[in-house]
1. Stokes-Einstein D for region 205-321 at 10 °C, 1.306 mPa s, Kirkwood Rh over Cα pairs, in µm²/s?
2. Between Val174, Val157, Val20, find the one with the highest GNM mean-square fluctuation for the chain; connect C-alpha pairs within less than 10 Å.
3. Per-residue HN-Hα couplings for region 242-258, Karplus 6.51 cos²θ - 1.76 cosθ + 1.60 at θ = phi - 60°, whole Hz, x for Gly and Pro?
4. Could I have the simple spin-label model distance between Asp172 and Leu317, label points 7 Å from Cα toward Cβ, reported in nm to one decimal?
5. Set the bar at 22 Å for Cα to Cα. Now go through Lys199/Lys291; Lys109/Lys212; Lys42/Lys298; Lys42/Lys291 and name every pair that lies beyond it.
6. Kirkwood Rh over alpha-carbon pairs of the chain, then Stokes-Einstein at 20 °C and 1.002 mPa s: what D in µm² s⁻¹, rounded to an integer?
7. Amide H neighbours of Ala300 under 5 Å, at least 5 residues apart or on other chains, H built in the peptide plane: list them.
8. Give me the extension gain from Cys236 to Ala7: residue separation times 0.36 nm, minus the current Cα-Cα distance, reported in nm with one decimal.
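The values are calculated or read from the model by the stated rules, or taken from the named source; none is laboratory data. For clarity, every value in this text was computed on a predicted model and none was experimentally measured. Counting neighbours? That spans all protein chains shown, and the Cβs are built from the backbone with ideal geometry, glycine included. Accessible surface is based on the protein model in full, side chains and every heavy atom, while ligands, DNA and RNA are left aside. Shrake-Rupley method; radii C 1.70, N 1.55, O 1.52, S 1.80 Å.
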Amino acid sequence: MTDFSLASLRSAAAMVHAQVPPTPQYVWPLLAARAGCELWVKHENHTPTGAFKVRGAITYIDWLRRTHPHVTGIITATRGNHGQAQVRAATAAGLKATIVVPHGNALEKNAAMRAFGATLIEHGHDFDSAKAEALRLSAEQGLFMVPAYHDELVRGVASYGLELFDAVPDIDTVYVPVGCGSGLCGTIAARDALGLNTKVVGVVSAHVDAAKRSFEAGRLLASPTAYTFADGVAVCTPVQAALDYFGPRADRFVAVTDDEVAAAIRHYWQDTHNLAEGAGAVALAAALQEKDAMRGKKVAVILSGGNGDMSQMAEILGGATPVVRQDMRKAI
């Protein structure tokens with residue numbers, strides 16, 4: 001396993017900070033009052049790609065260039081934030097980048113990936129289908145397949161955990177969105193490297209809860225569909241390596257409904273005037289779900305990204321919850 005010592009994580013953070021300044025963590029009074037606790041928000045929506053994934057891409061592409069110097073291009077599957085991050089880092093390193101997304105993916109995330117320089121391909125109707133196509137194209141075209149989870153991604157992502165815990169070392173509980181797991185594992189790695197006792201809680205969609213069920217069962221379990229508008233956590237099959245790491249180290253998992261996530265997005269806007277995408281709001285939704293248990297404690301939530309499509313955000317801020325069904329792919 002990659003070295004997750006404090007020295008290793010500090011080195012990775014220095015590499016990240018050469019390109020991406022630390023993001024802020026704030027206690028917003030209205031939001032804290034709503035949550036009934038001292039609530040710290042870690043603003044990963046303030047990075048150059050609008051999401052935390054930019055961190056891991058920097059360390060991963062650095063690793064790739066050192067260990068596979070003959071690689072000329074990468075390919076990966078994404079719902080958007082991972083793809084933006086990888087394209088940004090790859091093109092900066094002189095590599096071509098091909099990105100595979102499912103049909104009906106967020107239009108503005110697709111546009112952002114193209115703007116960063118990606119060749120974008122649409123395939124299938126969920127992340128797992130896009131991943132299978134990316135693997136096929138990788139073999140066919142000789143492109144290096146970038147996984148959604150890798151220890152070098154975790155090393156970079158851990159930098160936000162270091163920033164948060166350096167600023168607020170006595171947090172009781174931190175809620176972290178879980179897609180493929182780099183955010184959760186990075187937060188745990190930072191906590192453990194600093195020797196803290198903070199409880200790290202994974203948050204998933206109640207509609208795509210395979211990571212929660214896998215954690216509780218101690219083995220990989222899959223979800224049959226990915227029908228949630230919180231596309232960043234819409235992963236049907238968890239990653240074994242991520243489960244191996246967070247399984248014995250996470251405190252627990254919480255599942256939140258789309259209605260709870262939509263409400264959390266509105267709360268972020270009302271109380272802080274920050275826009276959170278669906279996956280970016282799940283941690284707040286979980287903290288509010290567990291409000292009674294967290295009352296009076298020092299709590300943190302990771303606002304992991306703010307890349308929501310304008311039409312969907314308008315619908316949510318207007319009071320609705322986007323409906324996601326098999327016959328309504330556009331909403332995914």
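1. It diffuses with D of about 107 µm²/s by this estimate.
2. Val20
3. Values per residue, Gly and Pro as x: 5, 4, 4, 7, 7, x, x, 10, 6, 7, 6, 10, 10, 10, 10, 7, 4 Hz.
4. Calculated label separation equals 3.3 nm.
5. Lys109/Lys212
6. The diffusion coefficient I find is 111 µm²/s.
7. Trp40, Thr173, Val174, Tyr175
8. Extending this stretch completely gives an extra 79.0 nm.
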